[in-house]
Amino acid sequence: MDDSQRDGAADPPRIERPEGRDLAYAEYGAADGTPVFAFHGVLGSRLGWSLFDEAAREQGVRLLAPERPGFGHSGFQRGRDLLDWPADVTALADHLGVDRFGLVGFSGGGPHAVACAHALPDQVRGVSLAGTVTPPSTHDRGRAYQRAVLDASGSVPGFSATAFASASWLAKTSRPQFRASLVASAGTPDRALFDSPVGDRLVDDAAEGFRAGGRGPAHDLELVGDDWGFDPAVDIPVTLYHGRADATVDLEMARAFGDLLPAADLHIGEGAHYSTLLDNRAALLRAATDA
């Protein structure tokens, strides 16, 4: 792997999909390691996974971070649903010479990881999720605000597009205000992260997701907030990490999701959304590679 793949440079590698759109990605960790696909959140891109580079090297993991359609350098896919994503992952795996792989999903990337476990059970080694968005059947366990946002994203026409229009504009025109908007919605442990050097990478990661505007993230939020289109109770063991201070997805929603899964291992910490992801980097990679 060259440096442009490793560090998520401005012109990342990509493959072309049948519809003529590009699928962009970055690689981190050990070039000859055990492959793990890492899926970013509804706010996010390939860049955030650079924070896993050291942990991936130490654990012998080749971390592959694709950007979903409409994020970063990946072209938008009209009419996409969750079960379209496994085809993109398979195409990238074939391109990279990868047969079996682990999955790590963060936030809105969680449902996409579960979709791959559902559609590609013979190729998936393990699944680990951090701060994952949970199925609609669990939304009644969440706080009123979180429940309302997820339900509206799937049922109110234009809700997601409107919600992300201003975020996209700020990401392009006023990085300080964009950063402030991220901090304002974060749990207390995450606010400390944004005040640290790690915070610069988190802001860059979220802003990169809006490179092509808000259409991709808006569509993504609709997908994860609405019916997933498949039974999320996959047979593959799933390890979940969730924080008590998560202001994006309530802990009780994660508990309810764990109850739905035939083989779930839920780890509860004191962190918030991003801090739970970063505090458990090594554990998430181990769970994803545990065959």
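The values are calculated or read from the model by the stated rules, or taken from the named source; none is laboratory data. For clarity, every value in this text was computed on a predicted model and none was experimentally measured. No Cβ is skipped: glycine too gets one built from the backbone with ideal geometry, and neighbour counts run over all protein chains shown.
Numerical summary
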{"read-out": "For Ala26: the one exception among (1) touching a Phe, Trp or Tyr at 6+ places or on another chain (Cβ under 9 Å); (2) of a type outside the set (Ser, Thr, Tyr); (3) in a loop (DSSP other than H, G, I, E, B)", "value": "(3)"}
{"read-out": "Single match in Leu103, Leu82, Leu92 (criterion: of a type in the set (A, V, I, L, M, F, W, C) and more than 23 Å from Arg211 (Cβ to Cβ))", "value": "Leu103"}
{"read-out": "Condition met for Val183 (among the β-branched types (Val, Ile, Thr), touching a residue at least 24 places away in the same chain (Cβ under 8 Å) and either part of a loop (DSSP other than H, G, I, E, B) or at negative phi (or both))", "value": "no"}
{"read-out": "Filter result for Ala212 (of a type in the set (Gly, Ala, Ser) and either in a helix (DSSP H, G or I) or farther than 17 Å from Ala117 by Cβ (or both))", "value": "yes"}
{"read-out": "Lone unmet requirement of (1) part of a loop (DSSP other than H, G, I, E, B); (2) under 22 Å from Arg100 (Cβ atoms); (3) at pLDDT 95 or above for Asp235", "value": "(3)"}
{"read-out": "Close pairs (8 angstrom Cβ cut-off, 6 or more residues apart or separate chains): more than 17 Å from Trp49 (Cβ to Cβ) in region 204-216, in a helix (DSSP H, G or I) and among the polar types (S, T, N, Q) anywhere", "value": "Phe210/Ser168; Gly213/Ser168; Gly214/Ser168"}
{"read-out": "Criterion: touching a Lys or Arg at 6+ places or on another chain (Cβ under 9 Å), aliphatic (A, V, I, L, M) and buried (at least 20 other Cβ atoms within 10 Å of the Cβ) - qualifying residue of Ala256, Ala207, Ala218, Ala287", "value": "Ala207"}
{"read-out": "Among the residues listed as Leu47, Leu23, the single one being in contact with a Ser or Thr (Cβ under 7 Å, 6 or more places away or on another chain) and under 29 Å from Ala165 (Cα atoms)", "value": "Leu23"}
{"read-out": "Members of region 230-260 found to be among the hydrophobic types (A, V, I, L, M, F, W, C) and within 30 Å of Val183 (Cβ to Cβ), listed by number", "value": "Leu240, Ala245, Ala247, Val249, Leu251, Met253, Ala254, Ala256, Phe257"}
{"read-out": "Filtered residue count, region 49-83, keeping only those that are at positive phi and without any contact (Cβ under 8 Å) to a residue 24 or more places away in the chain", "value": "1"}
{"read-out": "In region 133-162, residue modelled with the highest pLDDT [restricted to those that are farther than 19 Å from Ala254 by Cα and out of contact with any helix residue (DSSP H, G or I) (no Cβ under 7 Å at 6 or more places or on another chain)]", "value": "Thr162"}
{"read-out": "Any hit, region 254-275, residues being in a helix (DSSP H, G or I), within 22 Å of Glu67 (Cα to Cα), touching a residue at least 60 places away in the same chain (Cβ under 8 Å) and polar (S, T, N, Q)", "value": "yes"}
{"read-out": "Residue under evaluation Glu270, criteria (1) out of contact with any Phe, Trp or Tyr (no Cβ under 9 Å at 6 or more places or on another chain); (2) within 17 Å of Gly105 (Cβ to Cβ); (3) surrounded by fewer than 18 Cβ atoms within 10 Å (Cβ to Cβ), criterion not met", "value": "(2)"}
